[in-house]
Each structure stands twice: as structure tokens, then as C-alpha cells.
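Every number here is computed from the coordinates shown, using simple stated rules; none is lab data. Computed from a prediction, not measured in an experiment: that's the story for all the values here. Don't worry about glycine lacking a Cβ; one is built from the backbone with ideal geometry, like all the others, and counts go over all protein chains shown.
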Amino acid sequence: MLVEFGRKQACVALIAATGMFLLAGAADAASCRNGEADIDVRIDNEAVKIDHSRSVAELSNRGGAALGPALGLTVATPRSEISSRFEWQEDEKTGDIHCLRTTDVKAAIGAVNRIVHIAREFPRGSCEYREILQHEYKHVATDERLVRDLGRRLRVSLRAALSRSRPPARLRAADSKDALAAIRSTLQRVLDEASDRLAVERRRNHAEIDTRAEYERVGAACGRDSLFRKVAG
């Protein structure tokens, strides 16, 4: 009964620069709008599916069997994406950019391909099936909690990063692309670092579930004559 979270990470960055061209003359820092960006971090987890088609041997080969055969296995593929919108003023004579700012940042984090596997040796509805399912859903609940916690921290980190990376009030037209690229890079770095921290937290938290004591508890839950003894030895 092992968990395989984070082995296939799919972090997709979707950062779109959508500017509003406001034809204007001279502008300076005092005339720029200084409103904070609207930051929305959404939790996006696919529904969990139950798979009852694989054998103990197949699950053990896929997930490892450090504490014994894998009677169940929970898998998921992390997913994250981020997009942003900007506004600025453009000098109609020089093409210089004024008051470039980020107006919206939208991020989504979660997981796809969320599957709880229960070895087919244990009939659906049996005591053993229920105990394995209950154990695997501890992994599901833990992962959902970690993602929610990350969402709260990510929102704070994104706002702090934007505060540190405000561009000058006036940019030459030739420098505007570099300024946008710098903001994009900052947002992507924050997302990547958050995803890396989540992977570490997942490994640690799921290891705390898959203990010898927990395996022994599940193994004893259905009595001395349970299928656990016959299948797992």
C-alpha cells in the first residue's frame, strides 16, 4: 500500500501578455496607476478514480514494496499553470512604454490522473477491499491538504515577487519586451519553486502514512483468516 505521487510532474506555464495601449504623452511615476494585481490561485484536482484491475505483483512492481507487497497504490500527476495580464501606456510619438504593470495573475495547481488502485485479489466490498481503500484515501486526503496549503502560500509569494520586480515608470520601446520577459520569468520561478517544495512535502507526508505500524493495523483488521494472510503471506 504505497503511494506514487510526483513521479511524473507536468508543470505547464501559460503566461500571456495582454496589454492595453493607452495613447498618451509624457508620463511619470506620480501619474501611474499603482493598484495591486488581482491574484487568483485555483485548486484544480481531477476526480479520483478507483482501479481494481491490477494484481498485487503488478502494483508491487510499479510502486515498490519496501515494507511488503503493495495491496493498493495511489498515483497522481501534479499539474500547475499560470497566466498574467498587463497594462501600459505607449507614447504615440516615441513608442516608449510608461506605467507598465501587472493587472491580473491566475494560477492553477492540482493533479490529474488521480487513481486509487486496489489489488484485484481482494473482492469488491470485502473487508480487505474496504481497509485498503480506507488506507489509500489517507494519501488522497493528505495530498489535497498539501495542495490547499500550497495555494495559500503561493498567493502570498506571487504578490511579494511582483512587489520586488516592478519595472521603471518609463521604458524605451526597445526595452519593453525585456521588462515583460523579466516579470514572466519571476512568476514562473515562483511557481517552479512552489512545485518543488510541494514534491518534497508530498514525499515526507506520504512516508509518514506508509509505516510498518499502519500496515500491521490494516493486515489485522479483517481477522486471522483474512485474505491478507493468503495473498500477502
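Tabulated values for the structure
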{"item": "Kirkwood Rh, Cα atoms: Rg over Rh of region 127-217", "result": "1.28"}
{"item": "Leading residue at positive end of dipole, region 102-209 (Cβ point charges), from L191, I209, V112", "result": "L191"}
{"item": "Cross-link reach list, lysines versus K49, counting only Cα pairs under 17 Å and skipping chain neighbours closer than eight places", "result": "K138"}
{"item": "Debye, to nearest 20: dipole size of region 92-233, +1 on Lys, Arg Cβ, -1 on Asp, Glu Cβ", "result": "440 debye"}
{"item": "Qualifying lysines (Cα of each under 19 Å from Cα of K93; at least 8 residues distant if same chain)", "result": "K177"}
{"item": "Ranked by how many other beta carbons lie within 10 Å on average, peptides 105-117, 35-47 from highest", "result": "105-117, 35-47"}
{"item": "Förster radius 45 Å - calculated FRET efficiency between A220 and R42 (Cβ-Cβ, nearest 0.05)", "result": "0.60"}
{"item": "Kirkwood-based Rg to Rh ratio, region 27-164, C-alpha trace", "result": "1.28"}
